[in-house]
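Right, one structure below, let's go through it.
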Amino acid sequence: MASITIRNLDGAIKEKLRLRAAAHGRSMEEEVRLVLGELGDPLPSPSWGGTERSDGEGSFLTLHKDPSLLLRSLPPHEGEGKGSALSGRRILLIIGAGIAAYKCLDLIRRLRERGAQVRPVLTKAAEEFVTPLAVGALAADKVFTELFSREDEHDVGHIRLSREADLIVVAPATADLMAKMATGLANDLASAILLATDKRVLIAPAMNPRMWGHPATKRNRAMLEKDGIRFVGPNKGEMAESGESGDGRMAEPLEIVGAIEKLLDRSPKPLTGKTIVMTSGPTHEPIDPVRYIANRSSGKQGHAIAAALARLGATVRLVSGPVTIPDPEDVAVIHVSTAREMRDAVEQLLPADAAIMVAAVADWRTANEAGEKIKKKPGEKAPVLQMIENPDILAGVGHSKSRPRLVIGFAAETQDLLANAQRKLDKKGADWIVANDVSHATGVMGGDRNAVRIVTRSGVEEWPDMSKEKVAERLAAKIAAALQTVEV
Ligand SMILES: Cc1cc2nc3c(=O)[nH]c(=O)nc-3n(C[C@H](O)[C@H](O)[C@H](O)COP(=O)(O)O)c2cc1C
């Protein structure tokens, strides 16, 4: 029987214990007791014969069994395994000058627990909130603060700092840093890195709700989203300032870790390597320079499908009509207005593995778009609009020489849903038609829920009423399964 003490344990066991204990906020001894308890053999117990004592340098526990048993039996600590996406990944963490900067200490710890390397950069003002000493100790790395540091520029330099990372994270992202990023300023180390980088950037904004709701911050946010900057949070909640609450609280460290893991996840996905062309939203068909014919499509369903496909690893190219919702994450979006523009954009994007035509494309447009605003003149009759047919984008794709393997159309109907969908399947050369009842009472157009039927040549699947996100997820999974088979 071996006799061991925790302090003499093998480094790997001790490290694993330390990480588990840190993750749970427990002492090493408590962690060992818990692990053994989980194994149904709590300490001290006669079978393990453990004893506990203190030698003045902190208490420690003596076990009387093969220590490798402990290593083998240690269950993963929170985040271990799950966080393997971060193992060995390099994260440049820019800490801005907000009250929430203190949470970065925990963020660094959580990232390192998951095997990430964290290289911290503090803005000058952030040093008022956390010390480089604490940040550097937790990151086990040098803390960079100065743009004009002869030593650092010679050694690493802001360009190398910005490139030698797998991801740049800004947390907390102050209103000031967001403004600098949106306008392309580079007058300190943090902003120079952010302008010089070719890596993805994730920001965790944190500020007073009035700062977050200010039109200037809203403009900056929209600009940054357009530039492809990813956001995590902010959340709604209590501010550090007493009595204040609202939107602007920084996302919690574990939420930020989750967002980082998602961005750095390299595991192959079911649609990795597949290209999918999509349309979404309405079209606007001009009558004159100020008037147009539109429909009630919000783009919510199409955009949700695009995002769900991207999450499964597809390269999604979305042609969107005019909508008021943001572009879906990880999707390349082309914004168009008319059916003809949408058709041209879709044609440019073929060939692809699949085409999913969700947009509510106007069937007709005015034959003669007036060059000037049509004026109301006393005594004159109301103008009569002459209409002509718009291009049929779905049929064009379904019968195209570069037809994708899988062509899916949407049928928004208010009557004879299934009969119309089945007719559309043949006429348009589609493989599936996703049919939905858009009668006023259903609230589907512009709403958040949908009840669809998937009409294929082999039958009809009726899906229950669910959120548009759920429809999107389920459809994306079905598409992934179909594209994995040889024949659709
Ligand atoms: C006590 C205190 C708390 C602050 N908290 C925040 C905050 O949470 N978010 C923010 O955007 N700015 C906050 N500020 C203002 C920023 O510190 C200030 O705009 C600073 O110049 C930002 O510097 P940086 O963006 O270079 O880090 C705070 C200022 C003080 C004095």
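How about the range 320-399: which strands (runs of 3 or more DSSP E) wholly inside it have at least 1 residues that are among the small types (Gly, Ala, Ser) and touching a Pro at 6+ places or on another chain (Cβ under 9 Å)?
Strands (runs of 3 or more DSSP E) meeting the threshold: 354-357.
Here's the yes/no breakdown for (1) without any contact (Cβ under 8 Å) to a residue 40 or more places away in the chain; (2) surrounded by 16 or more Cβ atoms within 10 Å (Cβ to Cβ):
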residue: Val333; (1), (2): yes, yes
residue: Leu350; (1), (2): no, yes
residue: Ala362; (1), (2): no, yes
residue: Arg365; (1), (2): no, yes
residue: Leu394; (1), (2): yes, yes
residue: Gln415; (1), (2): yes, no
residue: Ala419; (1), (2): yes, no
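So how many residues does the range 282-323 have that are among the small types (Gly, Ala, Ser) and closer than 20 Å to Glu389 by Cβ?
3
What number of residues within the range 432-488 are within 18 Å of Arg296 (Cβ to Cβ), of a type outside the set (Val, Ile, Thr), at pLDDT 90 or above and more than 25 Å from the chain's Cα centre (by Cα)?
1
Can you find a residue that is assigned by TED's automatic domain parsing to the domain that holds Ala101, more than 13 Å from the ligand (Cβ to nearest atom) and more than 14 Å from Thr123 (Cβ to Cβ) anywhere in the range 206-214?
no
Of everything in the range 232-287 that's among the β-branched types (Val, Ile, Thr) and buried (at least 22 other Cβ atoms within 10 Å of the Cβ), which residue is farthest from Ala116 (Cα to Cα)?
Here the answer is Thr283.
So is Met223 within 11 Å of the ligand (Cβ to nearest atom), surrounded by fewer than 22 Cβ atoms within 10 Å (Cβ to Cβ) and assigned by TED's automatic domain parsing to the domain that holds Ile94 or not?
No: the conditions fail for Met223.
From Glu261, Glu244, Glu285, grab the single residue that is of a type in the set (Asp, Glu), in contact with a strand residue (DSSP E or B) (Cβ under 8 Å, 6 or more places away or on another chain) and at pLDDT below 95.
Exactly one residue qualifies, and that residue is Glu244.
Rundown of residues vs (1) surrounded by 15 or more Cβ atoms within 10 Å (Cβ to Cβ); (2) modelled with pLDDT of 90 or more; (3) within 16 Å of the ligand (Cβ to nearest atom), yes/no style:
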position: Arg114; (1), (2), (3): yes, yes, no
position: Ala125; (1), (2), (3): yes, yes, yes
position: Leu147; (1), (2), (3): yes, no, yes
position: Asp166; (1), (2), (3): yes, yes, no
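The values are calculated or read from the model by the stated rules, or taken from the named source; none is laboratory data. A quick note: this is a predicted structure, and the numbers were derived from the prediction, not measured. Ideal geometry is used to build each Cβ from the backbone, glycine not excepted, and the neighbour counts take in all protein chains shown.
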